[in-house]
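Taken together, the values in this text are just the output of simple stated rules run on the coordinates, not laboratory data. Remember, predicted model here, so these are calculated numbers, not experimental data. Virtual Cβ from ideal backbone geometry, glycine too; neighbours counted across all protein chains shown.
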Amino acid sequence: MQEIPHNLERVRARIAAAASDAGRPADAVRLVAVSKTRGPEAIATAHAAGQTDFGENYLQEALTKIEALSGNDGLVWHFIGPIQSNKTRAIAENFDWVHSVDRLKIARRLSAQRPEGLAPLQLCLQVNVDDQASKSGVSPDAAAELAAAVAELPNLRLRGLMAIPAPADDPADQQRPFAALRRLLASIDAGGCALDTLSMGMTGDLEAAIAEGATLVRVGTAIFGLRP
Ligand SMILES: *Cc1c(COP(=O)(O)O)cnc(C)c1O
């Protein structure tokens, strides 16, 4: 737990260095701390060290923590895990961002179930950018059509694309799928909806993602340590 502030500083320094190498300002990259499997104390510790954005994969676990931390002003919650249709209501009611939408049915439900009085739900489409059979995500070929349909829905704001490429050690292999996601985003015309978000890069490959234009990285292990 005591390492969290120090780890956060190191991750911020990695982001700043990678952005600088890419000729981009450090504040062009938003850090989401992935807190799955961590307790509310770990999140509160990171928040006290200036971290505001947190990513969660498992709904039930996340709801417990959101409730426990409801007194902490300024927390921003990102849902980044697979979404079943029976989970959309609780996601629409409790999260600020959703990164893992890969079909229209889910987007429609999130839109219909977003409570009145809350800001629009910020949304990324998850793309299966390197065609991994086991991973969720819309296929790159179908992404533009899905984006156009999602952009029409009320109570949501389509922000961009998210991907989780297969892990790779070599930086060139890491960069290839991120470059593909960047080109895909640039090719999508979502009816005048400004797409400004590339959610890509984790502990092992955030430098490669930032080199290819990531505007948001999702980092767990480098902040909170190895998951149990
Ligand atoms: C767990 C997870 C992360 C964080 O991975 P680390 O390697 O621990 O940084 C990022 N994105 C998603 C979608 C995840 O499930």
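Quick rundown of the values:
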item	result
Two-site FRET efficiency, Y58 against E93, from Cβ-Cβ distance with R₀ of 22 Å, rounded to 0.05	0.85
For the chain, size of Cβ-based charge dipole, Lys and Arg +1, Asp and Glu -1, in debye	420
Of A168, S136, A151, farthest towards positive along the dipole that unit charges on Lys, Arg, Asp, Glu beta carbons give segment 126-186	A151
Segment 36-116, relative contact order in percent, only Cα pairs under 8 angstrom and at least six apart counted	27
Gaussian network model of the chain, Cα within-10 Å springs - most flexible of G50, G204, G213	G50
Positive-end extreme of charge dipole, the chain - chosen from L63, S187, Q122 (charges on Cβ)	L63
Segment 1-59: relative contact order in percent, alpha carbon pairs under 8 Å with at least 6 residues between	37
Prolate/oblate/rounded call for the chain, Cα gyration tensor, a/c under 1.5 rounded	oblate
Cleavage-rule hits (chymotrypsin sites (Phe, Trp or Tyr not before Pro)) in segment 16-107: DSSP loop, at most 15 neighbouring Cβ within 10 angstrom	Y58
Separation between Cα centres of segment 141-177 and segment 1-69, rounded to whole Å	21
FRET efficiency estimate (nearest 0.05) - Cβ-Cβ, S139 to A48, R0 35 angstrom	0.25
Difference of contour (0.36 nm per residue) and Cα-Cα distance, D131 to D73	16.9 nm
Under 11 Å, Cβ to Cβ, from G220 - net charge with Lys/Arg +1 and Asp/Glu -1	+3
Value of relative contact order over the chain, rounded to a whole percent, pairs C-alpha under 8 Å and six or more apart	21
Fully extended contour minus Cα-Cα distance, from E9 to D196, at 0.36 nm per residue	64.8 nm
23 Å Cα-Cα reach of K36 towards lysines, excluding residues that sit fewer than 8 places from it in its own chain	K65, K87, K135
